[in-house]
Amino acid sequence: MKQYTLNHTTPAALRDGSAWQAAPELEIACYPWDETGYRPRTTARLVWLDDRLAVRFCTRERALRAEARGICPVVCEDSAVELFLMPVPGPGARYLNFEMNALCAMYLGAGTGREDNVLLKEEDPLQFQARSEISPAPGGYDWQLTCELPLAYLARHTDLRALAAGARMRANLYKIAEKGPLPHFGCWSPIDWPKPDFHRPEFFGELVLG
C-alpha cells in the first residue's frame with residue numbers, strides 16, 4: 001500500500017509558503033488505462049493544521065482544457081486534479097471526493113462508493129480557499145492548485161472529530177481529463193480495475209498525520 005506522511009504546520013507557514021517547501025512530494029504517476037501515451041507530470045504535497053488539511057497540486061500540461069465553472073459541475077471532463085479522502089477508515093466508511101479544474105471549479109461528493117456518492121451542493125466553495133496559478137511552460141502550461149479542507153467540513157460529512165498526530169486516513173489522488181485533445185486518467189495509488197474508475201476505495205493508499 002502506498003503511504004504518505006503529512007507534516008504538521010502553522011497558518012503562518014502556510015501563508016509564506018515554507019510549509020510547502022518542507023512537505024514531501026508524492027507523484028501521480030500510475031496510468032492504468034493509458035491509451036494515448038500522454039502522462040502529464042503531476043505532483044502533490046499535503047500538510048495538516050489543527051483545524052484543517054491542505055493540499056497543493058502541480059502539473060504540466062501540453063493542452064489545458066478548462067470550461068467548467070462554479071460548484072458541482074462535471075469538472076472531470078476538463079484538465080482536473082482530484083483528492084478522494086476517507087478521514088476515518090473502516091468497513092463501510094465514507095470518503096469525500098474533491099475534484100477541481102484550473103479555474104477552481106469544484107465537484108464535491110461524499111459516499112462509500114460510486115453507487116451512493118451524493119453531491120454536496122449546499123457547501124460554500126469559499127471555505128476551501130482554492131487558488132490556481134497558470135503560466136506558460138516549454139511545450140504547454142504549468143498550473144498549480146492549492147486547496148484547504150476545514151475540519152468542520154470533514155466532520156459534517158464523516159465521523160472525523162479532530163485532527164491529531166498519528167491519525168491514519170485513506171486516500172487517493174488523481175489527474176484526469178475525460179475530454180479535450182489528450183484524455184488521461186492518472187492515480188497515486190495504483191488501481192487494478194478493467195476500466196477507468198476512481199471510486200475504488202479498496203485501492204486507496206494511506207495518509208499518516210506526522
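Being more than 21 Å from ARG60 (Cβ to Cβ) and in a strand (DSSP E or B) narrows it down to one of ALA171, ALA155, so name that one.
After ruling out the rest, the residue left standing is ALA171.
Quick grid of which residues meet (1) in a strand (DSSP E or B); (2) in contact with a Gly (Cβ under 9 Å, 6 or more places away or on another chain); (3) not hydrophobic (A, V, I, L, M, F, W, C):
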position	(1), (2), (3)
VAL81	yes, no, no
LEU85	yes, no, no
PRO89	no, no, yes
MET100	yes, no, no
ALA110	yes, no, no
ASP116	no, no, yes
ILE134	yes, no, no
TYR141	yes, no, yes
GLN144	yes, no, yes
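Restricting attention to region 95-142, which residues are aliphatic (A, V, I, L, M), open to solvent by 60 Å² or more (accessible area, probe 1.4 Å) and touching a residue at least 40 places away in the same chain (Cβ under 8 Å)?
Hits for region 95-142 are LEU119, ILE134.
Spot the failing condition for ALA177; the list is (1) open to solvent by less than 60 Å² (accessible area, probe 1.4 Å); (2) over 23 Å from ALA19 (Cβ atoms); (3) of a type in the set (Gly, Ala, Ser); (4) over 18 Å from the mean Cα position of the chain (by Cα), and only one is missed.
(4)
Filter region 37-62 down to the residues that are in a loop (DSSP other than H, G, I, E, B) and touching a strand residue (DSSP E or B) at 6+ places or on another chain (Cβ under 7 Å), then identify the one that is surrounded by the most Cβ atoms within 10 Å (Cβ to Cβ).
The selected residue is PRO40.
The values are calculated or read from the model by the stated rules, or taken from the named source; none is laboratory data. Keep in mind it's a predicted model, so treat the numbers as computed, not measured. Every residue, glycine among them, receives a Cβ derived from its backbone with ideal geometry; neighbour counts consider all protein chains shown. Keep in mind that these areas ignore ligands, DNA and RNA; they rest on the heavy atoms of the full protein, side chains included. Shrake-Rupley method; radii C 1.70, N 1.55, O 1.52, S 1.80 Å.
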